Amino acid sequence: MTERISAREAIALVTDSFAELPCPEGDSPPDGPLSWQGYGDARARAAARTGEEESVVCGTATFGTASFGTTIDGRAPLGPVTAVLVAFEFGFLGGSLGERAGNRLEAAYDHARTHRLPVVSLVATGGSRMQEGMLALTQLQRVARQSALTREAGLAQIAVLRDPTTGGGWATLGAGADVTLALPGAQVAFAGSRVRPPDADPAAYTAEAQVVAGSVDALVPKDGLREALALWLDLLTRPSAGAAPVPAALGGATGLPATGWEAVQRARAAGRPRAEAYLDAFFTRRAAISGDRCGGTDEGVLCGFGRAHDGRTVAYAAQRGTPTRPAGYRTAARLVRMAGRLGIPVLTLVDTPGAANDALAERQGAGAAIADLFAAVAGARTPVTTLVIGEGGSGGALALAAPGNTWATPDSYFSVIAPELAAAILKRPPGDVEATANDLRVRPQDLVELGVIRGVLTRE
């Protein structure tokens, strides 16, 4: 379990300044809407103990320059970025949600949309407040609606999961954010500690487990939160109308491959530049998202947002040369849609022998995941730029490719199927694999002639 800090301590930890919003409390009977005996006294004791009047503190905050100094990489100052900030006070009745907390959250989200501000939530809650019965539970619907309206307005939502984050607070503000960060060791789960099966594995109810399950993007230690939030806010509040530029080709290949088989060999060469090298060269800073929000992750696909050398934010989804798993496609689709809502162009790097084709991949919905990414790219609300940097294996690679704006490096190929598999399907002998590669016309220059890609980034 991580160290628990108060709402005000959490606010001071991550912000440069904070101004509380007015509280729309409304009328409430002494013992609440259910006349729950002793509820009024419990609230009074919670207020005296914490110094707060409710379980959430809402206001506007600035993030940025105090985290990084005046510049990043010699470029323009980072921030400050103003955001609406919601911080839960767990010491006030377990950070639970009731009507008055719902009023505050609704007002905070409304302020965010009115003033075009992103929303940051510092979550620490045990769920809905039992002393208010179903009226407390329906606050989750209010919060979900406010989050949905804010998403439709194109404003970013970032959540930080403190200890504990359980129940409806996790299922709305936490898991429903665009980017979800968590403190190491925090208890994060829908089921609170007192309502789980007695034989449940406690490790399954942690922030670490949620990262593995694809529901949390990253663990961030307490002393790194200020910088992490400042970076994310800077990246996600920089909409840009233009397409991402095509990255420069890396590596030592200077000419085009003479044959299809040479193109395949170049793409499979162990020393060829991979996704990390291209991302490092293209961005000055970047931050990663992780997980498909459906129970899985894929280390073979890197997704996130970065600051390009021209100062713009660009979203990226990059294959790392391994067979792409369903979670990788779903995470990439999540990225493309998020970038579209926020007005951020997308860069994709294609490099895979193909989609994972084992039994587990089929059970995890490989076809549906690939279809979802095809749909996300086809319906992208911001421009998508694609560079093929290695193997372009069948539909598992094409799903990441932008129609009409795909380019290739000299050490890449794109094929309807791997030459070896094509030869096997066509019942050709093994010795005909190289000829089959030529017949498939997989070379970068062939793809230009066929109209599949726009051009090849040759090196001088």
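Structure above, values below:
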| quantity | calculated |
| --- | --- |
| Residue 425 open to solvent by 20 Å² or more (accessible area, probe 1.4 Å), more than 19 Å from residue 262 (Cα to Cα) and modelled with pLDDT under 95 | yes |
| Only listed residue being open to solvent by 20 Å² or more (accessible area, probe 1.4 Å), closer than 28 Å to residue 179 by Cβ, among the aliphatic types (A, V, I, L, M) and without any contact (Cβ under 8 Å) to a residue 40 or more places away in the chain, chosen from 380, 375, 361, 371 | 371 |
| Subset tally (residues that are surrounded by 22 or more Cβ atoms within 10 Å (Cβ to Cβ) and either aliphatic (A, V, I, L, M) or at pLDDT below 95 (or both)) for the range 103-116 | 3 |
| Hits in the range 295-306 - residues which are touching a residue at least 40 places away in the same chain (Cβ under 8 Å), out of contact with any helix residue (DSSP H, G or I) (no Cβ under 6 Å at 6 or more places or on another chain) and either open to solvent by 10 Å² or more (accessible area, probe 1.4 Å) or at positive phi (or both) | 295 |
| Residues of the range 184-210 satisfying the condition of being in a loop (DSSP other than H, G, I, E, B), open to solvent by 10 Å² or more (accessible area, probe 1.4 Å) and among the aliphatic types (A, V, I, L, M) | 191, 195, 200 |
| Yes/no for residue 150 being β-branched (Val, Ile, Thr) and more than 20 Å from residue 295 (Cα to Cα) | yes |
| Failed item, numbered, when residue 238 is tested on (1) open to solvent by 60 Å² or more (accessible area, probe 1.4 Å); (2) touching a residue at least 24 places away in the same chain (Cβ under 8 Å); (3) in a loop (DSSP other than H, G, I, E, B); (4) farther than 24 Å from residue 16 by Cα | (4) |
| Test: residue in the range 148-161 that is open to solvent by less than 10 Å² (accessible area, probe 1.4 Å) and hydroxyl-bearing (Ser, Thr, Tyr) | yes |
| Residue within the range 401-411 that is surrounded by fewer than 17 Cβ atoms within 10 Å (Cβ to Cβ) and closer than 20 Å to residue 258 by Cβ present | no |
| Breaking point among (1) touching a helix residue (DSSP H, G or I) at 6+ places or on another chain (Cβ under 6 Å); (2) surrounded by 24 or more Cβ atoms within 10 Å (Cβ to Cβ); (3) modelled with pLDDT under 95; (4) not acidic (Asp, Glu), for residue 318 | (3) |
| Residue in the range 164-180 that is hydrophobic (A, V, I, L, M, F, W, C), at pLDDT 95 or above and in a strand (DSSP E or B) present | yes |
| Looking only at the range 261-294, and only at residues there that are within 18 Å of the chain's Cα centre (by Cα) and in a loop (DSSP other than H, G, I, E, B), the one that is surrounded by the fewest Cβ atoms within 10 Å (Cβ to Cβ) | 294 |
| Residue that is surrounded by the fewest Cβ atoms within 10 Å (Cβ to Cβ), among those in the range 47-80 that are at pLDDT below 95 and among the aliphatic types (A, V, I, L, M) | 76 |
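The values are calculated or read from the model by the stated rules, or taken from the named source; none is laboratory data. Small disclaimer: the values here were computed from a predicted structure and weren't measured. Here Cβ is always computed from backbone atoms with ideal geometry, including for glycine, and neighbour counts include all displayed protein chains. All accessible areas refer to the heavy atoms of the entire protein, side chains included, with ligands and DNA or RNA removed. Shrake-Rupley method; radii C 1.70, N 1.55, O 1.52, S 1.80 Å.
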